[in-house]
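This is the structure I want to talk about, given as structure tokens.
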């Protein structure tokens with residue numbers, strides 16, 4: 001490898017690509033390289049995405065590059081990210097696009113990891129709210145009501161009509177439930193209602209009223225559902 005010393009890091013990596021154990025060789029050579037530029041370039045081109053050691057690099061620019069090119073989940077990335085990147089807005093802007101994508105995915109889930117990430121990086125709360133309101137919904141995972149409550153407490157100053165509409169859209173859709181499924185869901189919510197935000201409870205109560213109105217159930221069956229729903233608030 002002596003002949004590589006006078007080549008640029010890009011040229012070095014190009015030569016290593018011909019090796020079967022390319023990534024392992026690159027890690028050995030560049031993960032702890034004394035030159036920041038070498039570590040920076042390896043964070044950019046590591047085949048399977050940047051690893052944990054690269055995200056927690058002592059240099060914030062290497063950490064940024066690794067954060068943006070990693071395949072690790074959001075919680076792991078934000079946990080490892082250089083603190084200076086989180087605290088310095090001039091550095092934070094360099095992870096803006098990746099951060100938005102990560103929060104899009106977090107909001108599209110059940111909110112459990114979302115809240116854990118916001119505990120670490122509360123500075124990105126507004127990004128989370130923006131993605132809740134404006135991000136595209138990719139899956140049918142419903143938000144956990146208690147986790148949604150925790151998120152609402154964090155984002156209290158952002159709660160407006162558009163926020164509520166977007167959040168309610170993330171909750172279980174009662175229109176799709178039959179009588180037994182609805183009863184089961186209501187019983188679950190009632191059991192833990194002390195931990196659930198009033199706005200969520202009122203939303204479910206309103207949705208039950210709509211469900212009853214459109215239902216063909218016997219009056220007594222409707223009354224049973226209605227009495228159960230009244231226990232929400």
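Run the helix sum for the chain: -39,500 (n - 2.57) per DSSP H stretch of 4+ residues, divided by residue count, reported at 222 nm to the nearest 500 deg cm²/dmol. Write down the numbers at each step before the final one.
Working: 16 runs with 149 residues, N = 233.
Roughly -18500 deg cm²/dmol at 222 nm, from the helical runs in the chain.
Sort out for me the Cα centre separation of region 9-39 from region 138-186, rounded to whole Å.
47
Enumerate the residues in region 160-182 having an amide nitrogen under 20 Å from the point lying 7 Å beyond the Cα of residue 206 toward its Cβ.
Correct set: 160-177.
Evaluate the distance, in nm, between pseudo-label points positioned 7 Å from the Cα of residue 101 and of residue 157 along their respective Cα→Cβ axes.
For residue 101 paired with residue 157, the spin-label model returns 3.0 nm.
Would you list 27, 108 from fewest to most Cβ contacts within 10 Å?
On the way: 27 16, 108 20.
Least crowded to most crowded, the residues run 27, 108.
May I pose another question? Any idea what the alpha-carbon Rg over 2.2 N^0.38 Å comes to for region 89-154? Don't jump to the answer; show the numbers that get you there.
Details: Rg = 11.5 Å, N = 66, 2.2 N^0.38 = 10.8 Å.
Normalised by 2.2 N^0.38 Å, the Cα Rg of region 89-154 equals 1.07.
I've got another one for you. Using Cα pairs under 8 angstrom and six or more residues apart, how large is the relative contact order of the chain, in percent?
Values: 222 pairs, mean separation 25.5, N = 233.
The normalised contact order for the chain reaches 11 percent.
To test your reading of the geometry: what angle, between 0 and 90 degrees and rounded to tens, separates the Cα axis of helix 60-69 from the longest principal axis of the chain?
60
Pulled fully out, how much extra length does the chain show between residue 230 and residue 27, if you take 0.36 nm times their separation in residues and subtract their Cα-Cα distance?
Values: separation 203, 0.36 × 203 = 73.08 nm, distance 6.07 nm.
Roughly 67.0 nm would be gained on extension.
Also, I was wondering about something else. How many percent of Cα pairs in the chain exceed 31 Å?
On the way: 11454 of 27028 pairs.
Tail of the P(r) past 31 Å holds 42 percent of the pairs.
Same structure, new question: May I ask for the percentage of alpha-carbon pairs in region 6-87 that lie more than 18 Å from each other? Write down the numbers at each step before the final one.
Values: 1219 of 3321 pairs.
Here the long-distance tail beyond 18 Å is 37 percent of all Cα pairs in region 6-87.
Given 0.36 nm per residue, what is the gain on full extension from residue 195 to residue 164 after removing their alpha carbon distance, in nm? If you can, show how the numbers build up before the last one.
Numbers: separation 31, 0.36 × 31 = 11.16 nm, distance 1.79 nm.
Using 0.36 nm per residue and subtracting the Cα-Cα distance, I get 9.4 nm.
Right, another one. Please work out the FRET efficiency for the pair residue 119 and residue 142, using the Cβ-Cβ distance as r and a Förster radius of 22 Å; give the result to the nearest 0.05. Can you show the working numbers first?
Details: r = 22 Å, r/R0 = 0.98.
Step by step, r from the Cβ atoms, then E = 0.50.
In addition: Neighbour counts of other C-beta atoms within 10 Å: give me 15, 233, 200 arranged from fewest to most. Walk me through the numbers before you get to the answer.
On the way: 15 13, 233 10, 200 22.
Least crowded to most crowded, the residues run 233, 15, 200.
Read-outs: derived from the displayed coordinates by stated rules, not from any lab. The structure presented is a predicted model; accordingly, all values stated were derived computationally and were not measured. All Cβ positions, even for glycine, are placed from backbone atoms using ideal geometry, and neighbour counts span all protein chains on display.
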